[in-house]
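Participant: Sharing a structure, written as structure tokens. Questions coming.
The values are calculated or read from the model by the stated rules, or taken from the named source; none is laboratory data. What you are looking at is a predicted structure, and each value in this text was computed from that prediction instead of being measured. Using ideal geometry, Cβ is built from the backbone for each residue, glycine included, and neighbour counts are taken over all protein chains shown. Each accessible area value is taken on the protein alone, full model and side chains, heavy atoms only, with ligands, DNA and RNA left out. Shrake-Rupley method; radii C 1.70, N 1.55, O 1.52, S 1.80 Å.
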Amino acid sequence: MTAGRVTVNGVVVTELGSKVDPCIDEVAVDGKVVRLSDGPITIMLHKPAGVITTMKAQSDKPIVADLVPTDEYPGLYPIGRLDADTTGLLLFSTDGELGNALLHPSRHVSKTYLARVKKPLSDEAARKLREGPELDDGPTQPAEVVFADEGRKLVRITIHEGRYHQVKRMFEAVGDPVVSLHRESFGPLKLGDLKPGKWRILSDDEVAALTRSGRGEGYGETRQS
């Protein structure tokens, strides 16, 4: 709404919390009429490198809005973001409540990344990551860290926060900068074999699992692959 993409009866409405009568008023997003019967939609995208996480064009740079079906599902927005050079799982939804719940700091929704670092990660650096290194905005929560190759340059790390550039800053704080970063999972969902630049609609079971994780509930056996 704040971007001016929503109209009510042909008039742009930017104030959050504005009310409409669904029986009378016509609500549109990017010019496409939205009806209650359409229901919310949530999708998973495999974001390629070099694509910016934004729904608004920025000069000639590729953006995620070009990769997801905004014409078919107006109102889609990214749940969080990935840096331009970071690849992997990025969720989109038309359900604002779901997005807010998943991103709320109190929910501690887990996110797993595969990080390639500049030099073999030492035991001491791994220990600091597991304990939660000190950043300029305070200490992070403890992370789960597993070496993903024998050379210790490929590291799988799971965090439970969503700070700005958090994973990159954590590795920098322990003296081993990230060379490349790939998000493998978000909460109960894994990227699986979805190809770069491709997206898919989440199943009802997957959305339900996400909703539970957004409430701070464990997902155990509901984990999807």
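Participant: Tell me the per residue accessible area of the chain using a 1.4 Å probe; a whole number in Å² is fine.
Facilitator: Details: 12200 Å² over 225 residues.
Averaged over the residues of the chain, the accessible area is 54 Å².
Participant: As an exercise, use a Förster radius of 22 Å and the Cβ-Cβ distance of residue 135 and residue 49 to find the FRET efficiency, rounded to the nearest 0.05.
Facilitator: About 0.35, to the nearest 0.05.
Participant: In a shell of Cβ-Cβ distance under 14 Å around residue 152, excluding residue 152 itself, what net charge do Lys and Arg (+1) and Asp and Glu (-1) give?
Facilitator: Details: positive: 116, 118, 119, 127, 153, 156; negative: 123, 124, 149, 150, 176.
Cβ neighbours under 14 Å give a net charge of +1.
Participant: Oh, and also: Can you tell me which of 210, 135, 16 moves the most in a GNM of the chain? Springs connect C-alpha atoms under 10 Å apart.
Facilitator: 16
Participant: Among 13, 82, 70, whose Cα projects farthest towards the positive end of the dipole of the chain, with charges put on the beta-carbon of Lys, Arg (+1) and Asp, Glu (-1)?
Facilitator: Among 13, 82, 70, the one farthest towards the positive end of the dipole of the chain is 82.
Participant: About its Cα centre, what dipole magnitude does the chain give when the only charges are +1 on Lys and Arg Cβ and -1 on Asp and Glu Cβ, stated in debye to the nearest 20?
Facilitator: Values: 30 positive and 33 negative charges, 133 e Å.
With only Lys, Arg, Asp and Glu charged at Cβ, the dipole is about 640 debye.
Participant: Please compute the net charge surrounding residue 179, taking Lys and Arg as +1 and Asp and Glu as -1 over other residues with Cβ under 11 Å from its Cβ. Before the final figure, lay out each step's value.
Facilitator: Numbers: positive: 116, 118, 119, 153, 168; negative: 85, 176.
Within the 11 Å Cβ shell, the charges total +3.
Participant: Amide H neighbours of residue 143 under 5 Å, counting only residues 5+ apart in sequence or on other chains, H built in-plane at 1.01 Å?
Facilitator: 130, 131, 132
Participant: Calculate for the chain the 222 nm mean residue ellipticity that helices alone would give, adding -39,500 (n - 2.57) per DSSP H run of length 4 or more and normalising by residue count, nearest 500 deg cm²/dmol. Working shown, then result.
Facilitator: Working: 4 runs with 36 residues, N = 225.
Mean residue ellipticity, 222 nm, calculated: -4500 deg cm²/dmol.
Participant: Additional query: Which net charge results for the neighbourhood of residue 71, defined as the other residues with beta-carbon distances under 9 angstrom from its beta-carbon, given Lys and Arg at +1 and Asp and Glu at -1? Don't skip to the end; give the middle numbers.
Facilitator: On the way: positive: 32; negative: 30, 72.
Once positives and negatives cancel, what remains is -1.
Participant: Mind listing the phi-derived Karplus ³J(HN,Hα) values for region 96-109, rounded to whole Hz, using 6.51, -1.76 and 1.60 with θ = phi - 60°, and x for any glycine or proline?
Facilitator: Residue by residue, region 96-109 yields x, 5, 4, x, 4, 5, 5, 9, 5, x, 6, 7, 6, 5 Hz.
Participant: Please go through region 27-80 and write out the trypsin sites (Lys or Arg not before Pro) that DSSP classes as loop and that have at most 11 other C-beta atoms within 10 Å. Before the final figure, lay out each step's value.
Facilitator: Working: sites: 32, 35, 56; in loops: 35, 56.
Taking region 27-80 and a limit of 11 other Cβ atoms within 10 Å, the loop trypsin sites (Lys or Arg not before Pro) found are 35, 56.
Participant: Still on this structure, I have one more. Could you tell me what % of all Cα pairs in region 40-155 have separations over 25 Å?
Facilitator: Working: 2521 of 6670 pairs.
When all Cα pairs of region 40-155 are counted, 38 percent exceed 25 Å.
Participant: Next question, about the same structure. Provide 33, 51, 20 ordered by accessible surface of protein heavy atoms (probe 1.4 Å), highest first.
Facilitator: Details: 33 45, 51 15, 20 70 Å².
Correct descending sequence by accessible area is 20, 33, 51.
Participant: Of 2, 158, which has the most accessible area with a 1.4 Å probe, and how do the rest follow in descending order? It would help to have the intermediate numbers written out before the result.
Facilitator: Details: 2 110, 158 15 Å².
From most accessible down to least: 2, 158.
Participant: Using the Karplus equation 6.51 cos²θ - 1.76 cosθ + 1.60 (θ = phi - 60°), what ³J(HN,Hα) coupling, rounded to whole Hz, does each residue of region 194-206 give in order, writing x for Gly and Pro?
Facilitator: Once rounded to whole Hz, the list reads 4, 6, x, x, 9, 9, 8, 7, 6, 6, 4, 5, 5.
Participant: To continue, here is another question. Would you work out the relative contact order for region 1-137, in percent, from Cα pairs under 8 angstrom that are 6 or more residues apart? Walk me through the numbers before you get to the answer.
Facilitator: Working: 164 pairs, mean separation 24.3, N = 137.
About 18 percent, as a whole number.
Participant: With θ set to phi - 60°, apply the Karplus curve 6.51 cos²θ - 1.76 cosθ + 1.60 along region 141-157 and write out the HN-Hα couplings as whole Hz, x wherever there is a Gly or Pro.
Facilitator: 6, x, 10, 8, 10, 9, 6, 9, 8, 5, x, 6, 9, 10, 10, 9, 10
Participant: Calculate the dipole size of region 1-119 relative to its Cα centre from +1 charges on Lys and Arg beta carbons and -1 charges on Asp and Glu beta carbons; express the result in debye to the nearest 20.
Facilitator: Numbers: 13 positive and 14 negative charges, 174 e Å.
Rounded to the nearest 20 debye, it is 840 debye.
Participant: Another one. Amide H of residue 85: which non-local residues (sequence gap of 5 or more, or other chain) have their own amide H closer than 5 Å, using H built in the peptide plane?
Facilitator: It is 50, by chain and number.
Participant: For residue 66 paired with residue 146, estimate the spin-label separation in nm (one decimal), with each label point 7 Å from Cα along the Cα-to-Cβ line.
Facilitator: 3.6
Participant: Another one. Taking amide H atoms as placed 1.01 Å from N in the peptide plane, list the residues 5 or more away in sequence, or in a different chain, whose amide H sits under 5 Å from that of residue 178.
Facilitator: Amide H neighbours of residue 178, under 5 Å, 5+ apart: 172.
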